[in-house]
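Beneath this line is the structure, given in structure tokens, with notes to follow.
The values are calculated or read from the model by the stated rules, or taken from the named source; none is laboratory data. From a predicted model like this one, the values you see are computed outputs, not experimental measurements. In this analysis, Cβ positions are derived from the backbone assuming ideal geometry, glycine residues included, and neighbour counts consider all displayed protein chains. Heads up: the accessible areas ignore ligands, DNA and RNA and are worked out on the full protein's heavy atoms, side chains in. Shrake-Rupley method; radii C 1.70, N 1.55, O 1.52, S 1.80 Å.
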Amino acid sequence: MDWHQQYIGKVKHAVFHTQKTGRKRVLVSTEENVVASLDLRHGEIFWRHVLGTNDVVDGIDIALGKYVITLSSGGSILRAWNLPDGQMVWESSLQGSKASKSILNIPKNLKSDKDDLILVFGKGCLHAISSIDGEVLWKKDFAGESIEVSHIIQSPEVIYVAGFVGSSKFYVYELDAKSGELLKNNHIALPFRTSGESLYVPDDKFLVLDDARSKIVTININNGDINYNQKQISDLVKDSSGQAVILPSRLPGLSALKINSQVLLIKVTNEGELAVVDKIDNTAAFSNALSISEDQHVFAFVQYEDNKIHLSIKDVNDWSRDLLKENLVIDHQRGNIEKIFINNYVRTDRSHGFRALMVMEDHSLLLVQQGEIVWSREDGLASVVDVTTSELPVEKEGVSVAKVEQNLFEWLKGHVLKLKGTLMIASPEDKIAIQKLRLGSSEKSKMTRDHNGFRKLLIVLTRAGKVFALHTGDGHIVWSITLNTLRKSEDCKHPVGLNIYQWQVPHHHALDENPSILVIGRCGPSLSAPTALSFLDAYTGKELNSLSLAHTVARVIPLPYTDSTEQRLHLIIDFNKHAHLYPRTPEASEILKHEFSNIYWYSVEADNGVIRGHALKSNCIHEVVDEYCFVFRDLWSIVFPSESEKIIATVTRKSNEVVHTQAKVMTDHDVMYKYISKNILFVANAAPKASGDIGTATPEEALLVIYIIDTVTGRILHRMTHQGCQGPVHAVFSENWVVYHYFNLRAHRHEMSVIEVYDQSRADNKDIWKFLLGKHNLTSPISSYYRPEISAKSQSYFFTHSVKAIEVTSTAKGFGS
């Protein structure tokens with residue numbers, strides 16, 4: 001293994017553990033369903049667990065000072081992990097009767113000898129669980145109450161459960177902490193509908209907004225009695241034109257109300273009256289309260305002003321001064337700060353210092369202390385959407401005098417550093433420099449092409465809309481860019497990155513022109529949402545151009561043709577069954593007209609069990625004829641029987657693949673010629689009952705059917721059946737062979753199979769005299785419309801591992817593996 005990188009994804013929850021004994025760490029859960037422990041000094045992963053795709057983490061906290069508690073799967077699974085090494089201590093499955101909001105409540109007690117009560121609300125039930133062994137001590141079912149529980153307040157003797165029934169009735173249940181017995185319940189009917197958002201403020205008060213978000217209501221609980229006060233938001237702030245949102249800030253005695261980019265800090269008096277304490281403008285992120293002593297709580301917020309980032313930390317009870325105010329310098333490519341978590345430490349002069357963990361728009365994670373970034377993690381790479389490759393620059397011959405002088409200086413500097421290392425007198429900075437020199441002198445990490453074509457750039461598009469270029473030699477990031485077309489804005493609330501393709505690949509001008517890539521994004525998950533194209537320089541990441549399309553994008557088809565500038569032609573298929581040519585130039589249009597009858601493609605309708613073949617028909621006719629838009633026709637279709645087969649995987653060859661040799665020498669010294677066609681599709685079908693996860697079907701119900709199909713004619717070239725097997729199927733197609741991975745239910749193991757397809761029509765080309773006399777058909781054109789004489793050889797193997805992805809490596813000369 002040349003290199004291996006681990007990421008965790010965009011952080012949702014973070015809990016610091018910075019006791020005097022043991023390593024300082026931060027526990028996090030992420031949107032990729034990862035639970036991890038990070039080193040607070042360097043950001044490295046101590047341990048991590050990747051939960052299942054549907055095992056979404058709802059909450060994380062620390063119990064007994066030694067267990068990390070996680071709640072997941074909609075409040076139905078509670079786990080305890082050992083804090084130092086991440087080993088699972090116990091797991092509890094919590095049963096319930098209906099879907100509901102998940103709440104994890106753990107008392108803040110660090111004594112390891114006391115069995116704290118963990119309260120979990122999920123699936124319509126409240127569970128009390130022992131933090132030592134995970135045993136469910138008691139359970140209270142609220143499914144019959146029709147209450148949407150929003151808060152659980154725990155005290156040594158009594159537990160309060162609060163929430164709404166409907167949108168206007170607020171209920172409070174009082175339960176015995178030891179037995180879960182219902183002691184009392186009360187409710188109040190508000191004379192208006194609420195938005196459903198609510199916030200608990202210590203001293204038994206709740207804040208809610210009405211459904212129009214024009215009133216803020218304080219609900220008071222006093223000795224079991226419930227009453228409320230209401231106030232117009234316009235009475236608190238003059239400009240209240242924006243939509244009000246209650247921030248879940250958990251500030252003692254305070255609540256935070258966000259209107260546009262302004263945050264109002266509102267104090268709730270003992271009588272339930274509201275008073276604005278402060279207004280904070282241009283607020284990007286707001287932290288929860290942090291207790292630094294028994295009676296002192298602080299919180300942090302981030303502001304953007306004049307292209308500067310300000311981090312402020314204030315005392316909840318003292319607004320006259322800032323405990324911390326720093327200006328931060330953060331690369332604008334990281335986007336805005338979306339979340340912030342704070343932690344304190346004691347300086348040598350006994351004063352309090354603070355560190356802030358920031359989650360950025362590009363899903364990266366930063367730790368900031370004393371105004372500087374201590375470390376950063378590019379965790380956006382945990383959610384890669386698409387990937388392509390780019391060749392590195394060609395090594396230019398000839399070296400300038402300045403280059404020689406610089407190399408001589410670096411050579412002398414390197415030898416001095418290595419001498420220091422040998423004599424063991426190197427400083428920590430020298431050791432880092434020595435390591436960089438070793439990596440830089442390695443052939444693997446050179447920024448030029450190698451003879452075999454192994455060194456490349458991996459260009460990856462992440463879910464955050466950021467594009468990274470990684471060096472295949474050592475995995476380091478060469479450049480990264482957050483695309484403006486994939487950033488949140490007023491016009492586009494939910495941008496989505498779709499695909500990334502090679503756009504321009506210079507061969508004749510490789511020394512003076514850089515390759516470029518195409519990134520396709522859409523404004524929202526809707527298929528009819530506006531689409532944008534971005535063109536990037538593959539060597540620098542610079543955005544060369546961007547286009548907003550007037551049509552939708554269903555599929556992008558790279559064509560095997562290039563124009564005089566070596567730009568590859570692409571067809572973009574929209575949802576109205578039109579094909580659009582890019583680049584939209586007269587030269588590209590002429591090339592397409594010349595190759596009009598040779599352009600074929602296919603589409604797969606997995607839900608309907610149909611595969612169709614298509615070809616261009618004519619130009620689109622709107623008000624005028626559009627020479628870059630085409631309608632297409634269906635050539636053929638294959639309909640699989642829905643009662644017995646369902647499409648679960650398809651794969652085809654890469655259009656730019658290089659084949660080293662057409663022939664293969666077999667073990668008996670016989671020569672067989674590969675059936676090499678770019679119009680071949682591999683299809684894997686499973687029985688409907690066996691199309692889900694492993695174990696959802698019995699061996700008798702399971703069936704895997706493999707097809708190799710010609711996409712020009714729709715002819716099935718080969719069919720094979722695996723009895724008692726099911727998916728998921730991962731496959732790769734190269735040259736004349738396909739390798740696919742699946743699960744054998746009968747043998748209870750993973751297996752891999754390979755199919756090789758050979759051209760029997762060339763079987764006579766083995767006579768050396770025919771070669772010498774030129775009487776062979778190796779150079780004759782091949783057409784998919786000729787019925788091919790093919791033979792297929794297949795073999796299956798045991799494979800002990802599960803597979804997430806499978807790919808083929810290929811050298812510049814076409815050697816693949």
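Residues Arg250, Arg719, ordered by accessible area of protein heavy atoms at a 1.4 angstrom probe radius and largest first, appear as Arg250, Arg719.
Tell me, what % of the accessible area of region 246-385 is carbon and sulfur with a 1.4 angstrom probe? Intermediate results must be reported in sequence, preceding the final value.
On the way: 2650 of 6260 Å².
Here carbon and sulfur together make up 42 percent of the probe-accessible area.
By the Cβ rule of 4.7 Å, the chain holds the following cysteines without a possible disulfide partner: Cys125, Cys725. Helix 428-440 and the longest principal axis of the C-alpha atoms of the chain enclose an angle of approximately 20°. With a ≥ b ≥ c the root eigenvalues of the C-alpha gyration tensor of region 540-583, is it rounded (a/c under 1.5), prolate (a/b larger than b/c) or oblate? It comes out oblate by the Cα gyration axes.
Within the full protein context, the accessible area of Lys339 is estimated at about 80 Å² for a probe radius of 1.4 Å. Taking a quarter of the surface of the Cα convex hull of the chain gives a mean projected area of 46.1 nm².
Between amide H atoms placed 1.01 Å from N, distances below 5 Å from Glu148 occur with Phe164, Val165, Gly166, all of them 5 or more places distant or on a separate chain.
In deg cm²/dmol and to the nearest 500, what is the mean residue ellipticity at 222 nm of the chain if only DSSP H runs of at least 4 residues count, each as -39500 (n - 2.57), divided by the residue total? Spell out each step's value before the answer.
Values: 5 runs with 54 residues, N = 817.
Calculated at 222 nm, the ellipticity per residue is -2000 deg cm²/dmol.
A full extension of the chain between Glu701 and Ser618 corresponds to an added length of 25.2 nm, given 0.36 nm per residue minus the alpha carbon distance. Computed with every protein chain present, the accessible area of Phe454 is close to 120 Å² [probe 1.4 Å]. In the chain, Cα pairs under 8 Å separated by at least six residues give a relative contact order of 5 percent. For region 59-132, the square roots of the Cα gyration tensor eigenvalues, ordered a ≥ b ≥ c, give a/c of at least 1.5 with a/b greater than b/c, which places it in the prolate category. In summary, the lysines within cross-link reach of Lys123, defined as a Cα separation below 20 angstrom excluding same-chain residues under 8 places away, comprise Lys98, Lys101, Lys139, Lys140. Distances between placed amide hydrogens fall under 5 Å for His730 paired with His741, all partners being 5 or more residues away or on another chain. Overall form of region 20-74: oblate. Here a/c, set by the Cα gyration tensor axes a ≥ b ≥ c, is 1.5 or more, and a/b is not larger than b/c.
With each label modelled as a point 7 angstrom along the Cα→C-beta vector, the Asp39-Lys24 pair spans 1.4 nm.
Accessible area per residue for the chain in Å², computed with a 1.4 Å probe and the full protein assembly in place, what is it? Each step should come with its number before you reach the end.
Working: 41300 Å² over 817 residues.
Normalised by residue count, the accessible surface of the chain is 51 Å².
For Lys267, the lysines whose Cα comes closer than 20 Å to its Cα, not counting residues fewer than 8 places off in the same chain, are Lys205, Lys215, Lys231, Lys238, Lys258, Lys279, Lys314.
For region 146-177, which GluC sites (Glu not before Pro) are both in a DSSP coil and crowded by at most 16 other Cβ atoms within 10 Å? Can you show the working numbers first?
Values: sites: Glu148, Glu157, Glu174; in loops: Glu157.
When the GluC sites (Glu not before Pro) of region 146-177 are filtered for loop state and at most 16 Cβ neighbours within 10 Å, Glu157 remain.
Taking all protein chains together, Ile647, Ile132 sort by accessible area into Ile132, Ile647, largest first [probe 1.4 Å].
Exceeding 32 Å between C-alpha atoms, which entries from my cross-link table qualify? They are Lys10/Lys420; Lys10/Lys456; Lys108/Lys466; Lys436/Lys466.
On the way: Lys10/Lys420 41 Å; Lys10/Lys456 27 Å; Lys108/Lys466 39 Å; Lys436/Lys466 26 Å.
From the list (Lys10/Lys420; Lys10/Lys456; Lys108/Lys466; Lys436/Lys466), the Cα-Cα distance tops 32 Å for Lys10/Lys420; Lys108/Lys466.
Converting phi to 3J(HN,Hα) with the Karplus coefficients 6.51, -1.76 and 1.60 and the offset θ = phi - 60°, region 548-559 yields 9, 8, 8, 10, 7, 10, 9, 7, 10, 10, x, 8 Hz in sequence order, with x at every glycine or proline.
Please compute the contact order of region 543-587 in relative form: average sequence separation of alpha-carbon pairs under 8 Å and at least six residues apart, divided by the residue count, as a percent. Each step should come with its number before you reach the end.
On the way: 56 pairs, mean separation 13.3, N = 45.
RCO, region 543-587: 30 percent.
Backbone geometry of region 451-463 corresponds, through the Karplus equation with coefficients 6.51, -1.76 and 1.60 at θ = phi - 60°, to 3J(HN,Hα) couplings of 4, 8, x, 7, 6, 9, 9, 8, 9, 10, 10, 9, 5 Hz, x marking Gly and Pro. 3J(HN,Hα) along region 59-75, derived from phi through the Karplus expression 6.51 cos²θ - 1.76 cosθ + 1.60 where θ = phi - 60°, amounts to x, 9, 7, 10, 10, 6, x, 9, 10, 9, 9, 10, 10, 8, 6, x, x Hz, with x in place of Gly and Pro.
For the chain, find the longest principal axis of its Cα atoms and tell me its angle to the long axis of helix 401-422, 0 to 90°, nearest 10. Helix 401-422 sits roughly 60 degrees off the main axis of the chain. Residues whose amide H falls under 5 Å from that of Ala284, counting only those 5 or more places apart or on a different chain, are Val302, Gln303, Tyr304, with hydrogens built in the peptide plane.
Exposure check, 1.4 Å probe, all protein chains in place: Phe798 carries approximately 150 Å² of accessible surface.
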